[in-house]
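Colleague: First the structure, then my questions, so here it is.
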Amino acid sequence: MFFINKVIYTTLIFLLMVFNVNAKDKLTVGAEAPNFTLSDQDNIKRTLDEYRGKWVVLYFYPKDDTPGCTTEACSFRDNIEIINNLNTTILGVSVDSNESHKEFSEKYSLPFPILADKDGEVAKSYDSFGSFVGFKYASRHTFIINPSGKIHKIYKKVNPSKHAAEIIAELKNNI
């Protein structure tokens, strides 16, 4: 039964991403990144402003412990030393609960905050919120935010298996 539910969930997420049609994007490169306060998998409040002076990779993803989301998170995990050496912090965001994030983070030993945007308000402020037949989710989008809090780069088409390398290359070319 668990396997069937996971297959249904994965299929639903795939369909959501394929048929996701956002309104005209409001955020652009060079714009001020919207500030937020969300709690992470350990119920610690995190605010974007606390990362001023560092680069931030803010990545939104649909669902904990699904294939693409796991691939993306583990790729960031596997490259965390390189990312940290680039004065960069990784922050993951989805509409899943803190408890779900805790299980996901522990299962895969994720060394960065995973933020619970349960009502989707932060995802909405980053043009990364979607819903389909009553199911709400964060679209797989990534924002690189520079040390002064401005959006440096926006990724709306993300390949989870190649994304960490893509982010590292961008950071190395611009730091």
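Colleague: Can you tell me which residues in segment 127-157 are among the β-branched types (Val, Ile, Thr) and closer than 23 Å to Phe36 by Cα?
Modeller: Thr142, Ile144, Ile145, Ile151, Ile154 - these are the residues of segment 127-157 that are among the β-branched types (Val, Ile, Thr) and closer than 23 Å to Phe36 by Cα.
Colleague: Can we say Glu103 is out of contact with any Phe, Trp or Tyr (no Cβ under 9 Å at 6 or more places or on another chain), without any contact (Cβ under 8 Å) to a residue 12 or more places away in the chain and either closer than 12 Å to Tyr59 by Cα or part of a helix (DSSP H, G or I) (or both)?
Modeller: In short, no.
Colleague: Another question, if that's okay. Hey, could you check segment 112-154 for residues that are of a type in the set (D, E, K, R) and assigned to a strand (DSSP E or B) and say which is surrounded by the fewest Cβ atoms within 10 Å (Cβ to Cβ)?
Modeller: My answer is Lys150.
Colleague: Give the number of residues within segment 155-175 that are charged (D, E, K, R), surrounded by fewer than 13 Cβ atoms within 10 Å (Cβ to Cβ) and in a helix (DSSP H, G or I).
Modeller: Residues that pass the stated criteria total 1.
Colleague: Of the residues Gly68, Gly92, which is at pLDDT 95 or above and touching a strand residue (DSSP E or B) at 6+ places or on another chain (Cβ under 7 Å)?
Modeller: Only one candidate qualifies: Gly92.
Colleague: Here's a follow-up. Against the condition loosely packed, with under 15 Cβ neighbours inside 10 Å, in contact (Cβ under 8 Å) with a residue 24 or more places away in the chain and touching a Gly at 6+ places or on another chain (Cβ under 8 Å), how does Asp49 come out, does it pass?
Modeller: In short, yes.
Colleague: Which of the residues that make up segment 76-100 are assigned to a helix (DSSP H, G or I) and either hydrophobic (A, V, I, L, M, F, W, C) or farther than 14 Å from Ile167 by Cα (or both)?
Modeller: Phe76, Ile80, Ile82, Ile83, Asn98, Glu99, Ser100
Colleague: Pick from segment 54-69 the residues that are not in a loop (DSSP other than H, G, I, E, B) and not β-branched (Val, Ile, Thr): which of them is surrounded by the most Cβ atoms within 10 Å (Cβ to Cβ)?
Modeller: My answer is Tyr59.
Colleague: Scanning segment 28-53 for residues that are aliphatic (A, V, I, L, M) and outside any strand (DSSP E or B), which turns out nearest to Lys172 (Cα to Cα)?
Modeller: Val29
The values are calculated or read from the model by the stated rules, or taken from the named source; none is laboratory data. Because the structure is predicted, anything quoted here is derived from the model rather than measured. Neighbour counts run over all protein chains shown; Cβ positions are idealised from the backbone, glycine included.
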